[in-house]
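Nothing in this text is a laboratory measurement; each read-out follows from the coordinates by a stated rule. No experiment lies behind these values; they were computed from the predicted model shown. Heads up, the Cβs are rebuilt from the backbone with ideal geometry, glycines too, and the neighbour counts pull from every protein chain shown.
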Amino acid sequence: MMKYPIGIQSFDRIIEDGYVYVDKTDLIYQLVKGSSIYFLSRPRRFGKSLLVSTLKCYFQGRKELFKGLAIDKLETEWAEYPVFHIDFNGDNFTKAGILEKKIEGRIASWEDQYGKDARRETLGDRFAYVLQQAHKQYGRRCVVLIDEYDKPILDVLDTGYTTTVGGEKRLLEDAHREILKGFYSTFKLADEDLQFVLLTGVTKFSQVSVFSGFNQPSDISMDEQYETLCGITQEELERYFAEPIKVLATKYKVTEERMLDMLKHRYDGYHFSGNLTDMYNPFSLLNAFAKKTLRDYWFASGTPTYLIRLLNHTQENLNELTGRYYRPEEFVDYKADVEKPLPMIYQSGYLTIKGYEPVYERFLLDFPNNEVKNGFVSLIASDYLKSKENMGNWVIDVVESLKHGDLEQLRKLFTSFLAGIPYSMRSKKSETEKERFFHYTLYLIFRLISVYTVYTEKEQSQGRADCIVETDDYIYIFEFKRDGTADEALAQIEAKGYARPYEADPRTLYKIGVSFSSETGTVEDWKTA
């Protein structure tokens, strides 16, 4: 029976206890034989900690753990290096003093092992001395592995939490940056004592002072050579997990091909370079196989509260960020600007690359899969609209109505949902703001519906229909008017020829014109044709 390493990030434990391990050691071999200081950004629970643990075992020379893996045929030396590993993952840094205590504790334990110089006082100087002594004692340069280097900043990002430094009140976010800057300055001081350094994290704070203490690491986050270093490819899915796929197919009463399709829509769709190699979220896949149930495991494992905070600051709505092309500098680097949340949303895994224009070097960003789309849009919609309706249940009721062609139920559902949005949320001052709220509300609603049905925003020769929803038996063309009439909406569908592409389609087609009132905030007029 296959054992799934859910929550287990220790490579040695996975191998020794017989858990399934997707072999990435050929890429790891390329990595360790390349440059010396690396940075890798991947979303949380994407295998970064397992990668760090695998590197740790490799540099400790534990050859027996790698027997039968790709690297076993590649590596001949298996030398043992002094390894320094620090993991920021398990700590809560929202309280002042925790970060200093964490780093101080690690350095003190290393000083006990390799020696201490009382003249060295700063964290960076003390760590540099430890590395120098370890280099001398081992006769080999040192390896430094830092997992989730950015967590001390993400925990307090945009929270307003403060601390007192030297009698002065300061933002905890700024204090943490300074502490980390001092700690990472080690890599400049100890350059000749370092064999290999890897920092992993969600975000790359390249424009703030965290990395300014040393030369910029080689960022392999969008490197085509290493795009499959974390996560599971389609080929790996089918090679390693044929048995649990079969089990799931039997449970859901579908073919194995259909189950592969279901897994793909729910958990696949991440791309980390212009190659657009499909990557599955390993956390969700392993949970689905272990529990024999398809659920939104990754999203449920942690709420991105810092992203909600950032989106509440910005003037941009989610519909203005998704489904657009960007140059790398617009989303790869985080520039410490709360007015621009895109890099944080992308690097946190809620958007991914969906297309690439090599001529202009532009990348199309959108939701990776249905799990992320459903979770993230639901969160944004609940926060933005604050409707009295339960978003999840309401969406499923709408989808069922669409599936069965129940237009009256559909009208009631839309009317009740919009009526449940508090007046304070929709009371906008200017006409532009009212129109923006109206369109964003519709965008959020139909993005959620698209998790379960085909939802298109089709550009047509005469313009773009507000929304087209397709099910197995029905096609719905929606046109919405704010403070207009349903007849005007239907007339636009006719005038623009939105139904023309479906003339030969055997499914039943409905044209739905809807008018919303700015005054009441809900459906004023609804007509179908």
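Key figures
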item	result
Helical mean residue ellipticity (222 nm; -39500 (n - 2.57) per DSSP H run of 4+; nearest 500) of the chain	-12500 deg cm²/dmol
Separation between Cα centres of region 114-184 and region 350-381, rounded to whole Å	34
Footprinting exposure proxy for K388, K169 (fewest neighbouring C-beta atoms within 10 Å first)	K169, K388
Share antiparallel - DSSP beta bridges, region 386-528, percent rounded to 5	60
Degrees between helix 282-291 axis and first principal axis of the chain (Cα, 0 to 90, nearest 10)	70
Added length on full extension, which subtracts the Cα-Cα distance from 0.36 nm per residue, K253 to R436	61.5 nm
Convex hull per residue volume in Å³, alpha carbons only, for region 232-300	79
Contour excess over end-to-end distance, with Cα ends at D191 and H85 and 0.36 nm allotted per residue	36.5 nm
Where labels lie 7 Å past Cα in the beta-carbon direction, separation of A491 and K136 in nm	8.9
Student exercise, region 232-300 dipole from Lys, Arg, Asp, Glu Cβ charges, in Debye to nearest 20	420
Inter-centroid distance (Cα atoms) of region 69-85 relative to region 383-451, Å	56
Full-stretch length increase - K428, T159 - with 0.36 nm per residue and alpha-carbon distance subtracted	94.2 nm
Equivalent-ellipsoid semi-axes of region 147-283, from the Cα gyration tensor, Å, largest first	42, 20, 12
Förster-model FRET efficiency, 35 Å R0, A70 and Y455, C-beta, rounded to 0.05	0.25
Whole-angstrom Cα spans of the chain along principal axes, big to small	83, 59, 43
Within region 1-55, trypsin sites (Lys or Arg not before Pro) in DSSP loop having at most 13 other beta-carbon neighbours inside 10 Å	K3, K33
Degrees, to the nearest 10: 486-496 long Cα axis against longest axis of the chain	80
Label point distance in nm, S218-K101, each placed 7 Å from Cα along Cα→Cβ	3.9
Label-point gap, in nm, between T508 and R62 - each point 7 angstrom along Cα→Cβ	6.2
Residue (of I396, I475, I493) at the positive-pole extreme of region 386-528, dipole from beta-carbon charges	I396
Region 11-226 - share of DSSP beta bridges that are antiparallel (%, nearest 5)	20
Region 305-370 - Rg and Dmax from Cα coordinates, angstrom	11.5, 37
Rounded FRET efficiency, nearest 0.05, which uses the C-beta distance separating Q113 from K246 and R0 of 35 Å	0.10
Rounded to the nearest 20 debye, dipole of the chain from Cβ charges on Lys, Arg, Asp, Glu	960
FRET efficiency estimate (nearest 0.05) - Cβ-Cβ, H265 to R295, R0 22 angstrom	0.95
Compactness index (Cα Rg / 2.2 N^0.38 Å), region 386-429	1.29
Cα lying deepest toward the dipole's positive end in region 1-142, options Q60, T122, F46, charges on Cβ	F46
Antiparallel DSSP beta bridges within the chain, percent to nearest 5	55
Residue (of H135, I153, T228) at the positive-pole extreme of the chain, dipole from beta-carbon charges	H135
Net charge dipole size for region 298-422 [Lys, Arg +1 and Asp, Glu -1 on Cβ; Debye, nearest 20]	200
